[in-house]
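Report on the structure given below.
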Amino acid sequence: MSTTADVQPSTSVTVSVHTKGRNFDESAVDQWELKAARRALKNLKNVAGGQVMMDLLKDQIDAGDRYHKELVESAGGTWRESRTAFTVHGLTGTQLTAWFRGQSATGEFDDKVLLLNAHPEHYVEPPSYPGGMVETIGGHLTRFKVAMVPELPPLISEYLDPAYPQTLAQAELTLDDGTPFAYCVHQARDTETGADVVVRVIYPSTSPDSLIEGHCEHLAIEFRSWIRNAATAG
């Protein structure tokens, strides 16, 4: 029995599976594994949610606070973006914007299940926050508050793109001590077949590429889930 936590697939070995009266390749098993992982995560978040989860993760959350505070201080008020764009068919930008604003206009997501399950690394919404999350950012568990803001700071507002006239959200993200450490700039526009959507989180300029690129992937997972939720809501 291997003691390695994460078993990496060998490039020289392939596996075919024969079950349920059919033959399956590894892509099918990958999908089963993903479905099982999502099911397990939903169960854990339900059983150990709220303050229980906060207490379990306290040391990692505190370390994340220190990490992001250092990035803010070292950046000296300069910023860089993580950006992910979507081409959506069958749902307009107007529809998506209405749905998203309906869910998160105050910074607090209305449907907690949709919030937590939008991404595997959405661990918990801190019980004491009016809106916020504990999630993995740059490899660190990060606790933050979300506040929708009518205006963004000048350097952040430069990221707004007039080609996307609909604003899903513009928000300030703050650490537990109130330090702004990131901003959300999410926009959309209608197209003939649906929508173009661009979502950005703006981080301190000293954030490493691994943080920026990792959060691009995070945004892709998270917003694909919410786009699908919006389409299901009709």
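The values are calculated or read from the model by the stated rules, or taken from the named source; none is laboratory data. If you're wondering where the values come from, they're calculated on a predicted model, not measured in any experiment. For neighbour counting, all protein chains shown are included, and Cβ atoms are generated from backbone atoms with ideal geometry for every residue, glycine included.
Of everything in segment 113-141 that's part of a loop (DSSP other than H, G, I, E, B) and in contact with a strand residue (DSSP E or B) (Cβ under 8 Å, 6 or more places away or on another chain), which residue is nearest to residue 101 (Cα to Cα)?
Checking each candidate, the answer is 131.
Quick check on this structure: which one of 91, 57, 41, 71 is surrounded by 12 or more Cβ atoms within 10 Å (Cβ to Cβ) and under 18 Å from the mean Cα position of the chain (by Cα)? Show your work before the answer.
On the way: 91 fails: under 18 Å from the mean Cα position of the chain (by Cα); 57 fails: under 18 Å from the mean Cα position of the chain (by Cα); 71 fails: under 18 Å from the mean Cα position of the chain (by Cα).
Unique residue meeting the criteria: 41.
Of everything in segment 142-189, what is touching a Gly at 6+ places or on another chain (Cβ under 6 Å) and either more than 15 Å from residue 101 (Cα to Cα) or modelled with pLDDT under 95 (or both)? Give them in sequence order.
Across segment 142-189, the qualifying residues are 142, 144, 145.
Taking segment 110-137 as the region of interest, how many residues are surrounded by fewer than 22 Cβ atoms within 10 Å (Cβ to Cβ), closer than 26 Å to residue 36 by Cβ and aromatic (Phe, Trp, Tyr)?
Residues meeting the conditions: 0.
Consider residue 206 against the criteria (1) touching a residue at least 40 places away in the same chain (Cβ under 8 Å); (2) outside any loop (DSSP other than H, G, I, E, B); (3) farther than 18 Å from residue 132 by Cβ: it satisfies all of them except one. Which criterion is unmet?
All conditions pass for residue 206, except number (2).
Quick one: would you say residue 27 is among the small types (Gly, Ala, Ser), in a loop (DSSP other than H, G, I, E, B) and free of Cβ contacts under 8 Å to residues at least 24 places away in the same chain?
no
Results for (1) on the phi < 0 side of the Ramachandran plot; (2) part of a helix (DSSP H, G or I); (3) out of contact with any strand residue (DSSP E or B) (no Cβ under 6 Å at 6 or more places or on another chain); (4) of a type in the set (D, E, K, R), shown as yes or no for each residue.
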site	(1), (2), (3), (4)
38	yes, yes, yes, yes
46	yes, yes, yes, no
52	yes, yes, yes, no
60	yes, yes, no, no
69	yes, yes, yes, yes
109	yes, no, yes, no
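Please verify whether residue 166 is surrounded by 15 or more Cβ atoms within 10 Å (Cβ to Cβ), in contact (Cβ under 8 Å) with a residue 60 or more places away in the chain and either of a type outside the set (Ser, Thr, Tyr) or under 16 Å from residue 107 (Cα atoms) (or both), treating the condition exactly as stated.
When the stated conditions are applied, residue 166 passes them.
Name the pairs: first residue in segment 212-232 and farther than 9 Å from residue 118 by Cβ, second residue buried (at least 17 other Cβ atoms within 10 Å of the Cβ) and small (Gly, Ala, Ser), Cβ to Cβ under 6 Å, at least 6 apart or on different chains?
What qualifies is 212/82; 215/82; 216/82.
Given the criteria under 30 Å from residue 208 (Cα atoms) and in contact with a strand residue (DSSP E or B) (Cβ under 7 Å, 6 or more places away or on another chain), does residue 100 qualify?
yes
A quick yes/no check of all residues on (1) touching a Leu at 6+ places or on another chain (Cβ under 6 Å); (2) within 20 Å of residue 164 (Cβ to Cβ); (3) surrounded by 22 or more Cβ atoms within 10 Å (Cβ to Cβ); (4) at pLDDT 95 or above:
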residue: 200; (1), (2), (3), (4): no, yes, yes, yes
residue: 205; (1), (2), (3), (4): no, no, no, yes
residue: 209; (1), (2), (3), (4): no, no, no, yes
residue: 213; (1), (2), (3), (4): no, no, no, yes
residue: 220; (1), (2), (3), (4): no, yes, no, yes
residue: 224; (1), (2), (3), (4): no, yes, no, yes
residue: 231; (1), (2), (3), (4): yes, yes, no, yes
residue: 234; (1), (2), (3), (4): no, no, no, no
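Is it true that residue 65 is acidic (Asp, Glu) and modelled with pLDDT under 95?
In short, no.
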